[in-house]
1. Quick check: from the Cα gyration tensor, does the range 54-171 come out rounded (a/c under 1.5), prolate or oblate?
2. Which FRET efficiency, nearest 0.05, do residue 35 and residue 128 yield, Cβ-Cβ r, R0 51 Å?
3. Write down the accessible area per residue of the range 74-233 in Å², having rolled a 1.4 Å probe over the full set of protein chains.
4. For labels at residue 336 and residue 268 in the simple 7 Å Cα→Cβ model, what's the distance in nm?
5. Report, in listed order, any pair from 91/268; 27/181; 142/181; 39/288 with a Cα-Cα distance greater than 21 Å.
6. Quick one: check the C-alpha center-to-center distance for the range 128-166 versus the range 82-111, whole angstrom.
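The values are calculated or read from the model by the stated rules, or taken from the named source; none is laboratory data. Just so you know, these numbers come straight off a predicted model, no measurement behind them. Reconstructed Cβ throughout: ideal geometry from the backbone, glycine too, with neighbour counts over all protein chains shown. In case anyone asks, the SASA skips ligands and DNA or RNA and just uses the protein heavy atoms, side chains included. Shrake-Rupley method; radii C 1.70, N 1.55, O 1.52, S 1.80 Å.
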Amino acid sequence: FLRLSATALFQGCLQAMLSPTLAAVEKRMALMWRQRLNKHICDRYMQHQAYFHLKETMPDLKDLGSIDQVLASDVQSLTDGVANLWHEFVKPVVDIAWSARTMWTLTGQRGLNVQYAYMVGGFIFLRLVRPNLAQLTAVKEKLDADFAFVHARLRQHCESVAFFNGGKAEKAIVERHFDAKQKHYTVMKRKQHAYGVAQQWVGYFMPNNLVWYLSMVYQEITLEKIGGDVSGLTPEQQGDLSHDLRYLATTVNNSFTAFGAIMELYGKVQSLMGHVHRVGKVVEALDKAESVSKGQTSMEEHGTVEQEPGGNVVKFSHTYILTPNHTQKLAHDCSFELTRGQDKGIL
């Protein structure tokens, strides 16, 4: 008894130290990844006038809402989620491997076939009913960014809005963005709830029936080895059978609990893919801005602009007027002359 008590105390001390240590390591990893990813994006964002080029090419980033939302929210959610995955994945895999060994010892190949057939079937079923969590997450972040943007814009231009008495118009804009955000939240939570019900049913409640079936399989195997029925077992054999059945039930329950944890982990990964998509779009836009700054423009200059040395006239012949990053066309096939001392407007 004293030896078992000492062993249990030692294991408890290890677990008490291990859990907070793993949590601290996870937070440290998330912080390091967030610092490196933020630094990489911010450094490129401030180089080669990328902040201007991205503003001029915002149609390429219309699915994001705003880059500051990606830096402030998506990067943090992505790094925290990735850091949380590694230890949530290790324990279920170890539990399933240990349960498989025990299942093989007690029920043989038949029990393993039943267990893994159910796991594969459950995974296929959940994959069919799973909503597009990545898209739902990406749209949610975009709507959050749009809602924050209209508030920031009002705060920045509040004097002009007040001067033109535009409070009602701004109120309508804010309410429109809020209604769109709330509508998407409602749809998102409804789909997540339906998927959660299916996940709980497949991962936690249906396995109880499988536990009873596997217990029956083990009892049949045991009786075949003994060559009799339950009524012919000795008290010692009945005790061993009862102990093994309880042990088998515990093993199967642990195995399917680990299976349910992996299913939840799969859902988390799909949600993280929405953040991966948004961060990836920003990196792609930075690549495009960098190529523009190096002269790899998407539109070539067209036409000529002539000015005689010492002259008073600048002549444009069939010229395209482009934005500074050469990605948008402001005017097409312009031909006109500018004379010193004269004002000329282009409509």
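1. Taking the square roots of the gyration eigenvalues as a ≥ b ≥ c, the range 54-171 is prolate.
2. 0.80
3. 61 Å²
4. Here the answer is 6.1 nm between the modelled labels.
5. 27/181
6. Distance between centres, Cα-based: 44 Å.
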